[in-house]
Amino acid sequence: MPLVRWSDDYSVSIKEIDDQHKKLFDLINDLHDAMKAGKGKDILEKVLKELTAYTEFHFSSEEILMQNCKYPDYKQHKVKHDEFTQKVKEFEQKYLDGSFLLSQEIVQYLIDWLTKHIKESDKQYSMFVIKANFA
Ligand SMILES: [Fe+2]
């Protein structure tokens, strides 16, 4: 069973970004499923690397959108992205060097951060971007 399901509550009304958020949900669910199924280190490593890479790709897509529209809170938003990217990379690095085990708490942290960020921060910039494009 997936840990989290995407619903319209998470929509930022920009299809490209919604699709990217769905993909992030899928990757976190994959990580959760692989852990629950007791998959080996190679599989977990693969999913974790994909999650890190996709997170970076997704954040840069959002940042380009915000910059293109001169979003006034761009800097604060980018700080949040950078902090999360740092965390995910740290998890990946520690997992790879064997100093750290993935746990349910980690997966829960990822999903809690992402869902809160979408609802509180992404919806704000997306409204601005949508208005700017129709102005
Ligand atoms: Fe964001």
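If contacts are Cα pairs under 8 angstrom and at least 6 residues apart, what is the relative contact order of the chain in percent? Walk me through the numbers before you get to the answer.
Working: 85 pairs, mean separation 47.4, N = 135.
Once normalised by length, the contact order is 35 percent.
At 222 nm, what value in deg cm²/dmol follows for the chain if DSSP H runs of at least 4 each add -39500 (n - 2.57) and the sum is divided by all its residues, to the nearest 500? Intermediate values should be presented prior to the final figure.
On the way: 5 runs with 99 residues, N = 135.
It lands at -25000 deg cm²/dmol.
On a 0 to 90° scale, report how tilted helix 123-134 is relative to the longest principal axis of the chain, with both axes built from alpha carbons and the result rounded to the nearest 10.
40 degrees
When you have a sec, figure out the Kirkwood radius of region 83-135 from all distinct Cα pair distances and drop it here in Å to one decimal? Present the calculation step by step, with values, prior to reporting the outcome.
Working: mean 1/r = 0.0763 Å⁻¹.
Answer for region 83-135: a Kirkwood hydrodynamic radius of 13.1 Å.
What FRET efficiency comes out for residue 93 versus residue 127 if R0 is 35 angstrom and r is the Cβ-Cβ distance? Round to the nearest 0.05. Each step should come with its number before you reach the end.
Details: r = 36 Å, r/R0 = 1.02.
Plugging the Cβ-Cβ distance into 1/(1 + (r/R0)^6) gives 0.45.
In sequence order, what are the phi-derived ³J(HN,Hα) couplings for region 85-91 according to the Karplus relation 6.51 cos²θ - 1.76 cosθ + 1.60 with θ = phi - 60°, rounded to whole Hz, with x for glycine and proline?
Taking θ as phi minus 60°, the curve returns 4, 4, 4, 5, 5, 5, 4 Hz for region 85-91.
Students often forget the sequence filter, so: which lysines lie under 25 Å Cα-Cα from residue 131 once same-chain residues fewer than 8 apart are removed?
15, 22, 70, 75, 78, 80, 116, 119, 123
Just how far, in whole angstrom, is region 14-58 from region 78-135 if you go by their alpha carbon centroids?
12 Å
Could you identify which residue out of 123, 89, 36 has the top mean-square fluctuation in a GNM of the chain using Cα springs shorter than 10 Å?
36
For residue 86 and residue 26, calculate 0.36 nm times their separation in residues minus their Cα-Cα distance, and state this gained length in nm to one decimal. Could the numbers behind the result be given before it?
On the way: separation 60, 0.36 × 60 = 21.60 nm, distance 2.06 nm.
Working it through step by step, the gained length comes to 19.5 nm.
P(r) for the chain, please, calculated from all Cα pair distances in 10 Å bins and given in %.
Per 10 Å bin, starting at 0, the Cα pair percentages come out as 11, 43, 30, 13, 3, 0.
Quick note: the coordinates plus some simple rules give every number you see, no bench work behind them. Just so it is clear, the structure is predicted and the values come from calculations on it, not from any experiment. Positions of Cβ are generated from backbone atoms using ideal geometry, with glycine treated the same way; all protein chains shown enter the neighbour counts.
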